1. Name every residue in the stretch 188-226 that is loosely packed, with under 11 Cβ neighbours inside 10 Å and part of a helix (DSSP H, G or I), in order of residue number.
2. Do we have any residue at all in the stretch 12-20 that's touching a helix residue (DSSP H, G or I) at 6+ places or on another chain (Cβ under 7 Å) and under 26 Å from residue 101 (Cβ atoms)?
3. Report, by residue number, each residue of the stretch 181-205 that is in contact (Cβ under 8 Å) with a residue 24 or more places away in the chain and either over 18 Å from residue 229 (Cα atoms) or within 20 Å of the chain's Cα centre (by Cα) (or both).
4. Report the residue count in the stretch 137-153 for those that are touching a helix residue (DSSP H, G or I) at 6+ places or on another chain (Cβ under 8 Å) and either at positive phi or surrounded by 14 or more Cβ atoms within 10 Å (Cβ to Cβ) (or both).
5. Does residue 185 satisfy the condition of being in contact with a strand residue (DSSP E or B) (Cβ under 6 Å, 6 or more places away or on another chain), assigned to a loop (DSSP other than H, G, I, E, B) and in the same structural domain as residue 160 (by TED's automatic domain parsing)?
6. Are any residues in the stretch 93-116 surrounded by 22 or more Cβ atoms within 10 Å (Cβ to Cβ) and more than 14 Å from the chain's Cα centre (by Cα), and if so, which ones?
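The values are calculated or read from the model by the stated rules, or taken from the named source; none is laboratory data. A quick note: this is a predicted structure, and the numbers were derived from the prediction, not measured. Cβ placement follows ideal geometry from the backbone for every residue including glycine, while neighbour counts extend to all protein chains displayed.
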C-alpha cells in the first residue's frame, strides 16, 4: 500500500493487479534460473519488511482488493509466489519460506498469523519454514539476545509439523547443537557468525567431535591436537 516506512520516508506506490502478477512470474523465472545453474535448495524471502512481508502485515497492507483485508487475503501473494516457484522446481529439490514470526508491534503481524501461514504453506507442499522476526516497522519492540527467536520456530514446528530453521544470535556450536538436540528446531541458520568466522563449521565440528568434508588441499591444515576432523 501507499504507506511510508516512517514519517521521514517517501510514500511508495501501491501495486496494481498486473504488477502483482508480474512479481509472481518474476519469482518463478528467478527460481528457474537458479535451478538451471545448479542450486539445490530454494528459500522465498517473506521476512524483514521485504515485499512479501509487506503484504502479510496489516501495518503495511491497507488494500481493499483480494490481496488486502483479512488474513487469507494478506497471505494470498505469499502462497501464489510459493506455488509458482514450487511448480517450476524439480520435486526432489526443497523449497521453503523465510518469515518474520512477529512485527513486534501491537496490531501487526504476529505468531498466531505465522502459525496459520505455516499451516497453509505446509498444505501447499512447502518443505521448510525459516523463522526470524521484525524488520517491518520502526516501532518494533524486539529485544535481541541469544536464542531470542527460537521459541517462534519451536511453536511452528510443534503445531504445524513442518521442518523449521531457527535463527538469531545463535553463535556457539554447543548452543546450536542444543536447539536441534532438544527438538526446538530441525536446523540452525548461521549467518553473521559465519561472516565473522568463515571457518565456523570447522571449529564447531572440532568442538563437538564431528567431521566435515573439505577438499584434499585443506587436510594438512588440521591442528595437531585435533584428529580426524576432515573426512578423507
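1. Once the filter is applied, which keeps residues that are loosely packed, with under 11 Cβ neighbours inside 10 Å and part of a helix (DSSP H, G or I), the stretch 188-226 yields 195, 196, 216, 217, 220.
2. So far as the stretch 12-20 goes, yes, one or more of its residues are touching a helix residue (DSSP H, G or I) at 6+ places or on another chain (Cβ under 7 Å) and under 26 Å from residue 101 (Cβ atoms).
3. Of everything in the stretch 181-205, those that are in contact (Cβ under 8 Å) with a residue 24 or more places away in the chain and either over 18 Å from residue 229 (Cα atoms) or within 20 Å of the chain's Cα centre (by Cα) (or both) turn out to be 183, 184, 185, 186, 187, 189, 191.
4. The number of residues fulfilling the criteria is 3.
5. yes
6. Listed by number, the residues that qualify are 103, 109.
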